[in-house]
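Beneath this line is the structure, given in structure tokens, with notes to follow.
The values are calculated or read from the model by the stated rules, or taken from the named source; none is laboratory data. No experiment lies behind these values; they were computed from the predicted model shown. A quick note on method: Cβ atoms are made from the backbone with ideal geometry, for glycine too, and the neighbour counts reach across all protein chains shown.
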Amino acid sequence: MKQITLICAAGMSTSMLVERMKQAANQKGIEVEIRAIANSEFKKYADQTDILLLGPQISYMFDEFKSQYEPKGIKVNVINSVDYGMMNGEKVLLEAIA
Amino acid sequence: MSLNSWTTTLQKYAGKLQANRYLRSVSNGLMSSLPFLIIGAFATLFSSIAWEPYQNFIAPVKDLLGIVTTFTTNIIAVYAVFLIGYRLAESFEKDPVTPGLISLASFLVLTPLAKFDGVSALPLQWLGAQGLFVSIIVGLLASRFYVWIVDRNWTIKMPAGVPPTVAKTFVGLIPAIIVVIAALIISALFQLTSFETIHAFIYSYLQIPLQGLGGSLGGLIIALFVMQTLWLFGIHGAIVVMAVMQPIWISLDLQNLEAFEAGAELPNIIGMGFWSYSANFAPMLGLILLLAFRAKTKQYRQIGKLGLPGAFFGIHEPIVFGIPLVLNPVLAIPYIFTPIICVIIAYICTTAGILPPPNGVYPAFGTPIFASGLILGSIRIALFQLILIPICMLIYYPFFKVLDKQGLKNEKNQEEEEAVAVN
């Protein structure tokens, strides 16, 4: 099962998106585990993450996370800001696992 | 320079500032001390609700509640120095417990003991809000010095075969001795000056001036201006600005909390609490309510409804990225100035005595509007938060109209294009 971790400043606004992604996953029968945490907490969850998504408001941390975690086999991406704003869980989920 | 390259440049600098190891250690260290700040603040609140039957009811345990405050918020510098030292060592990928404790030991060495009738005592004066800046400086310096020594391998090496846990203990020994001796020398040097302690020196030459700058209305307006401008470029403005302002605002809040507990006049207006209750809810809610219930553009209506629940809790991202507010020329002006106008109104109302200064309780992120005003000490603050909403709606209204008109036009064009495509 794929594990997706979303990070933002406090993990609050991403947790709203996570709920919608979980709904979309349920409807489509996609088996994933999704969680939202604060960026400072990520180190603890690195072992349990296949895909790491950054909230657009911390996109400036992208290079740092990419260089640190891509060598460890984690796919790192920034969430599209319009999908983020519209809380389009389905699109974010499908793009993440594509 | 084009807008896009501006965005990239700003993101780079904002990222650097926020990712700065030392600033991050201070803000993560202070964040880790939050549970204690909140426990202490609530103990203070519970013991000081001004209602006589309640006071009679809690009279037998009032002193007990006081103990909680004394050993949490009133000695917050002790927690902070350990946590900041811990976080910094962690960022250097060192085992953080020993350097955290070394920071704490150094801080205590620098805090003079007081003697009364043969009893030695640690002066609580320097362990709370007034010691916060010393704890930041000592936490960073002691831990950095530890890392520097360990990196030079000035440690005791155990022969092979010694269990790793034992070897680990000895790694910290020599650095601990050196750092604590350094602290002792600094402590002795300060005793030769008229300040007598590093606490008195830092407090009067660093903490008071910085509190003066950060605690002034001008300082708050500049902080808000930077914060909102960063958001307009899609950067999380609050975490960037808080990396700098949080220590100052927390220390101001703690002074208020100490005064509140003692039943004295609250010395400060501005702090985390003031910023949070006056700038963090109403401006966003004003815009969102317009979008959700007044927009003719379907997309805006939808975004408004999506963002509404979050906005009650101070969460802005759906709107910032959904409209999007990012690089939006129509909304840029009200987005920057609405919270500034709100804090000015709140400041004037506070100086005029209409609103009480916030009691200094830390406004934990995610506390909703109204509730946050109540926690900050007054139903008047809570009601004021609500009164700000229509004011913000009025400020946003003309800009919202322009936005909605443009949105409607775009939507019509799109529909026509789709209709053409279908035909």
**Asked** Taking region A:21-43 as the region of interest, how many residues are within 10 Å of chain B (Cβ to nearest Cβ) and either part of a strand (DSSP E or B) or crowded, with 17+ Cβ neighbours inside 10 Å (or both)?
**Response** 3
**Asked** For B:Tyr86, all conditions in the list (1) surrounded by 18 or more Cβ atoms within 10 Å (Cβ to Cβ); (2) aromatic (Phe, Trp, Tyr); (3) away from chain A (no Cβ under 14 Å) hold save one; what is the number of the exception?
**Response** (3)
**Message:** With more than 30 Å from B:Lys401 (Cα to Cα) and assigned to a loop (DSSP other than H, G, I, E, B) as the only criterion, which of B:Gly373, B:Gly360 stands out?
**Reply:** B:Gly360
**Message:** Six or more apart or on different chains, Cβ atoms under 8 Å: show the pairs whose first residue is in region B:66-82 and farther than 17 Å from B:Ser251 by Cβ and whose second is among the polar types (S, T, N, Q) and crowded, with 24+ Cβ neighbours inside 10 Å.
**Reply:** B:Phe82/B:Ser103
**Message:** All but one of (1) under 27 Å from A:Leu17 (Cα atoms); (2) part of a helix (DSSP H, G or I); (3) among the polar types (S, T, N, Q) hold for B:Gln255; state the number of the condition that does not hold.
**Reply:** (1)
**Asked** How do the pairs read when you match residues in region B:181-196 that are over 14 Å from B:Leu108 (Cβ atoms) with residues anywhere that are surrounded by 12 or more Cβ atoms within 10 Å (Cβ to Cβ), using Cβ under 6 Å and keeping only pairs 6 or more apart or on different chains?
**Response** B:Phe190/B:Thr197; B:Phe190/B:Ile198; B:Phe195/B:Phe201
**Prompt:** Would you call A:Gln3 among the polar types (S, T, N, Q) and part of a helix (DSSP H, G or I)?
**Reply:** no
**Prompt:** of a type outside the set (Asp, Glu), assigned by TED's automatic domain parsing to the domain that holds B:Trp275 and surrounded by 19 or more Cβ atoms within 10 Å (Cβ to Cβ): does that describe B:Ile354?
**Reply:** no
**Request:** For region B:233-242, state whether one or more residues are of a type in the set (A, V, I, L, M, F, W, C) and part of a loop (DSSP other than H, G, I, E, B).
**Result:** yes
**Asked** Out of all the residues in region B:41-59, is one or more within 19 Å of B:Pro363 (Cβ to Cβ), within 14 Å of chain A (Cβ to nearest Cβ), of a type in the set (Gly, Ala, Ser) and in contact (Cβ under 8 Å) with a residue 40 or more places away in the chain?
**Response** no
**Request:** State whether the residues of region B:275-286 include one that is more than 22 Å from the chain's Cα centre (by Cα), without any contact (Cβ under 8 Å) to a residue 24 or more places away in the chain and more than 12 Å from every other protein chain (Cβ to nearest Cβ).
**Result:** no
**Item:** Qualifying residue in region B:309-330 (condition: over 27 Å from A:Gly89 (Cα atoms) and either more than 9 Å from chain A (Cβ to nearest Cβ) or surrounded by fewer than 22 Cβ atoms within 10 Å (Cβ to Cβ) (or both))
**Value:** yes
**Residues of region B:293-308 satisfying the condition of being more than 7 Å from chain A (Cβ to nearest Cβ) and of a type in the set (A, V, I, L, M)** = B:Ala295, B:Leu308
**Message:** Is it the case, given these coordinates, that B:Ala59 is surrounded by 13 or more Cβ atoms within 10 Å (Cβ to Cβ) and out of contact with any Leu (no Cβ under 8 Å at 6 or more places or on another chain)?
**Reply:** no
**Message:** I'm trying to understand the selection: among the residues of region A:47-68, which are more than 14 Å from chain B (Cβ to nearest Cβ) and part of a helix (DSSP H, G or I)?
**Reply:** A:Asp47, A:Gln48
**Fill in**
When (1) aromatic (Phe, Trp, Tyr); (2) in a helix (DSSP H, G or I); (3) more than 30 Å from B:Pro324 (Cβ to Cβ) are applied to B:Phe225, the one that fails is (3)
**Request:** Among the residues of region B:187-200, write down those that are surrounded by fewer than 16 Cβ atoms within 10 Å (Cβ to Cβ) and assigned to a helix (DSSP H, G or I).
**Result:** B:Ala188, B:Leu189, B:Gln191, B:Leu192
**Asked** Pick from region A:79-94 the residues that are hydrophobic (A, V, I, L, M, F, W, C), within 10 Å of chain B (Cβ to nearest Cβ) and touching a residue at least 12 places away in the same chain (Cβ under 8 Å): which of them is nearest to A:Gln57 (Cα to Cα)?
**Response** A:Ile79
**Request:** For region A:44-98, name all the residues that are touching a Ser or Thr at 6+ places or on another chain (Cβ under 6 Å) and surrounded by fewer than 17 Cβ atoms within 10 Å (Cβ to Cβ).
**Result:** A:Tyr45
**Item:** From the options B:Val162, B:Val109, B:Val138, residue that is of a type in the set (Val, Ile, Thr) and without any contact (Cβ under 8 Å) to a residue 24 or more places away in the chain
**Value:** B:Val162
**Request:** Residues being over 17 Å from B:Ala89 (Cα atoms) and either in contact (Cβ under 8 Å) with a residue 40 or more places away in the chain or surrounded by 13 or more Cβ atoms within 10 Å (Cβ to Cβ) (or both): count how many of those fall in region B:141-158.
**Result:** 1
**Prompt:** Counting only residues that are free of Cβ contacts under 8 Å to residues at least 12 places away in the same chain and of a type outside the set (A, V, I, L, M), which one in region B:91-106 is surrounded by the most Cβ atoms within 10 Å (Cβ to Cβ)?
**Reply:** B:Pro96
**Asked** So which of B:Gly161, B:Gly214, B:Gly172, B:Gly218 is under 17 Å from B:Ser103 (Cα atoms) and either buried (at least 16 other Cβ atoms within 10 Å of the Cβ) or not hydrophobic (A, V, I, L, M, F, W, C) (or both)?
**Response** B:Gly172
